[in-house]
Each structure stands twice: as C-alpha cells, then as structure tokens.
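A.B. asks: Dropping a structure here in structure tokens format, bear with me for questions.
The values are calculated or read from the model by the stated rules, or taken from the named source; none is laboratory data. Keep in mind that this is a model prediction, so the values were computed, not measured. Please note: Cβ atoms are built from the backbone with ideal geometry, for glycine as well, and neighbour counts cover all protein chains shown. Ligands, DNA and RNA are stripped out before the accessible areas are found, and what is left, the full protein with its side chains, is counted by its heavy atoms. Shrake-Rupley method; radii C 1.70, N 1.55, O 1.52, S 1.80 Å.
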Amino acid sequence: MNILILGGGGREHALAWATLQNPKCDKLIVAPGNAGIAQIAECASLDINDGGAVAEFAQENAIDMVIVGPEAPLAAGVADRLREAGLLVFGPSAAAARLEASKSFTKEICDAAQAPTAAYGHFTDAEAAKDYVRTQGAPIVVKADGLAAGKGVIIAQTTQEAEEAIDDMFGGAFGGAGAEVVIEEFMTGEEASFFVLVDRETCLPIGTAQDHKRVGEGDTGLNTGGMGAYSPAPVLSDEIAQKALDEIVRPTMTEMAKRGMPYQGVLYVGLMIENGAPRLVEYNVRFGDPEGQVLMLRLGAQALDLMQACAEGRLDQAQVNWASDHAMTVVLAANGYPGSYEKDTVIKGLGDLPEDSHHMMFHAGTSEKDGQIVATGGRVLNATARGATLQEARDRAYALVDGVDWPEGFVRRDIGWRAL
Ligand code: AMP
Ligand code: GLY
C-alpha cells in the first residue's frame, strides 16, 4: 500500500512511524513532514488545506490511502475532495468535522442525543451573552465557537472576567472563530481523553490518555498545546470508558448519522470525570498532539490495519490487540514557549538516542539546516517511551530527554505525576 500522511508535527511523526512498522506499507509520503519524519519517509511540500492539490498529488503518486493528521484540512473539506476523487481516506468529512470546528454545533448534537455535558448558552451578540453570565455567576467558561488553535477558551473566575472575554471575542480577538460564543457551566473533576475509531455507528475504542496542558510543573502557568501525555489514563477505568461510550459517543454518532453526516475517522473524546460519571468537554476530529504519540507507540503496526479498516467501512470486523503496557511522552519546548521564543537553535545528540519499539524521539517542530537539526517551533521534540509500568515508561522517556543537548529548550519534569 502507498500511503500519504498530511501534517508535519509530532503526531504525524508518530503516525508515520507506526505506519512503517506494518509490512503492508510499501511507500510512505508525508506532507509537509519535518526533519525527523524525513529520516524515515519521503517528505513533500504541498498545501494540505487545498483538497484539489492533495487529490492531484495523491493520484500522481499512486497513493492508496490518505491519513489526515490535523483538523484544519478536515474542516476545509480535504477528506470530501479526496473521497470524490475515489481515494481511501482516514478522516471525517467537513460536515462531520464540525464536531471540532463549531462548539455550538457539538452542544446541539449533545442535546439531541441527551449526552451528558456542561449546561450552556449560545450567543451571537455580546449583551445577551453578558446577561446570561450575570444570571449564572462565576466561575464560568467562555468559548469562541470556531477553531482558534486551542486558544479560544477562557475559564473566567469572576463575572467581570467573563464579560471582558465576551467583549474580546465579539471584538475579533479570535477572528471569525469568535463571531459566535458559547458560554458553559464550569465543570469540576479530572480530565482525560478517550480515543475511539468510528465508522458511521460502529465505535471501536483504541486507548485513553491524559495530557498536561499547563506550561509549568504542578500544572501551573499558561496553557499550551500540551507538555506531555501518558497512556493509559488510570482515571478512565473500563467502567467509565464503557459509560462514556454508551452515554456520549454512541448516541452522538447515531445522531450524526441520522442527520446525514456520518462520522468516519478517529474521535478524540475529551471527558471530565467526577464521582464516577463522565461528561463531555469537547470533541476533536483527529488524534491528539501529543496524545497521539503515546497511542501510536502502544498500538505499533496494528494502527495502520485499524485506520484502514475504519477508512474502508469495515470497523465491525476489526479488533485491537491490547498489551498491558504504558507509554509516556515528554515535550521538549523552546525556552519562552508558549510566548515568543528563539528559532533555528541547534539541537545536538539526537543521533545517539535509542530508537526501537520502546523508545522514539518524535520530532514536532524541526528542520535540517546545513546538516544540523534546528528547532523551528514552540513544541520541538517528543521524547516517547513505553514500558511494563508507567514508572518504567517515564524513566525511559526522561533518559531520552537527558540524551539531548539543546540549551535553548526545556521540559516539565513532572509528566505523569497524577498517575505515579
Ligand atoms: P476545549 O477547547 O473545549 O477543550 O477547552 C480547553 C480546556 O478548557 C479543556 O481541556 C478544559 O481543561 C477546559 N474546559 C473547557 N470547557 C470546560 C468546562 N465547561 N468546565 C471546565 N473546564 C473546561
Ligand atoms: N493535546 C490537546 C490536543 O491535541 O487537542
């Protein structure tokens, strides 16, 4: 099989690595890829949000299946365009990708499916939104409706903070994403992510994970795209996962199919768990980053078979071979992230790290310049390891971190603290 993966972060490096573990893969191209991906696959420069360009490229390169990594091409309808061109695609249609691209849409689907989630209001003008905040009180959560690169959520501790957030959003702070606003009840509990492959109404869980969104140790400081993750998430017990499947995932997927927009691809189910009851925080229509890295290391070669079964609509015949292992990924970020940071700093020591089914240093934001690997993003590397216990996975992941010589980067030293 010839496979094309769209994206160029740590998640896509992990997807590429897992795909290559499977002997079914004859040729792999990743667009645009990065310096780490270039060491294992061919990279191509391509506008991945342009469905026509991707379809043409796929046909010219005799691609059999396209795996879409990030949400932007999905929301832009790239999967639809590829399916029209007769290609096999792993990733939902633009209509189904609204589960991530529009928060009010997701809330409406949850209402129709009676899926447990935070109480909410949906507003198109600031005054009505502020009235609602005043009747509800704080803490309260203000969200830009559209895609805002993970930045459109404000947890307001006071009604004044909420009103300011409302003004910012309607004032254009998040561009078009903030033209509509969703205001939600603040939920308490422990967060975890549940990953489910979906092909119409068939749902196949493929793992759980927990990430660390805050930049600082002890989960303090600014929000980031994720500073590390581990899998499985102990808080998401089999019983709670079953509840999430029965009460949230299946009913919403049935509702999507009923509305003529069946889901196909991986569904990232962000849950808040309190007193044994899961409630939906958000859906994403892709693997998490960095959660995808730990899932891929655990699934290995079977990831490709599962994604293919999902894309071909035969998920009902697929099954996951579970291992009782643990994985952890630690993000190496550029000093200053998530604020401004220096670019093109040189990273050394990568060539001496172990690379096998228990250790992988995935690249998230790197390029090659004059024969050296340089950092080009905020989140730059993902030290990812697997072990029989979480402690073993943790020790291996931090050993990878310590093998890297990059004074301009930092890590959190406490990834996994809740579970260890
Ligand atoms: P979202 O983009 O919707 O996932 O929100 C980003 C983060 O904000 C989530 O991962 C939660 O940590 C937090 N969050 C979002 N909505 C709520 C809520 N209703 N109650 C508490 N925390 C929330
Ligand atoms: N790590 C959070 C996300 O991928 O959305």
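A.B. asks: What is the percent carbon and sulfur in the accessible area of segment 273-420, measuring with a 1.4 Å probe over the protein chains and ignoring ligands?
C.D. replies: It is 43 percent, rounded to a whole number.
A.B. asks: For every other residue with a beta carbon closer than 13 angstrom to the beta carbon of E191, add +1 if it is Lys or Arg and -1 if Asp or Glu, then tell me the sum.
C.D. replies: -2
A.B. asks: At 1.4 Å probe size, with every protein chain present, just tell me what the per residue accessible area of the chain comes to in Å².
C.D. replies: Heavy-atom SASA per residue in the chain reads 39 Å².
A.B. asks: Once phi is turned into ³J(HN,Hα) by the Karplus curve 6.51 cos²θ - 1.76 cosθ + 1.60 with θ = phi - 60°, what whole-Hz value does each residue of segment 407-415 show in order, with x for glycine and proline?
C.D. replies: x, 8, x, 9, 9, 7, 8, 10, 4
A.B. asks: So what does E247 come to for accessible area, using a 1.4 Å probe and Å² rounded to 10?
C.D. replies: Surface open to solvent at E247 totals about 80 Å².
A.B. asks: I would also like to ask the following. Going by accessible area, probe 1.4 Å, with all protein chains left in place, what is the ranking of R11, R83, largest first?
C.D. replies: The ranking, largest first, comes out as R83, R11.
A.B. asks: What does the charge count around G228 come to, taking other residues whose C-beta lies under 9 Å from its C-beta (Lys +1, Arg +1, Asp -1, Glu -1)?
C.D. replies: Local net charge: -1.
A.B. asks: Next up: Rolling a 1.4 angstrom probe over the protein chains, ignoring ligands and nucleic acids, what is the accessible area of E355 in square angstrom, nearest 10?
C.D. replies: About 110 Å², rounded to the nearest 10.
A.B. asks: If you don't mind, another one. Which order do W417, W406 take by accessible area at a 1.4 Å probe, largest first?
C.D. replies: Reading off the accessible areas and sorting them downward yields W417, W406.
A.B. asks: Using a 1.4 angstrom probe on the protein heavy atoms only, line up K151, K103 by accessible area, largest first.
C.D. replies: Result of the area sort, largest leading: K151, K103.
A.B. asks: Let me check I've understood the local charge: for I63, count other residues with C-beta under 12 angstrom from its C-beta, Lys and Arg +1, Asp and Glu -1. What total comes out?
C.D. replies: Overall, the nearby charge balance is -4.
A.B. asks: Quick check: Cα centre of segment 263-309 to Cα centre of segment 107-152, how many Å?
C.D. replies: 24 Å
A.B. asks: What's the lysine pair count for the chain at a Cα cut-off below 16 Å, pairs eight or more apart or interchain?
C.D. replies: 8
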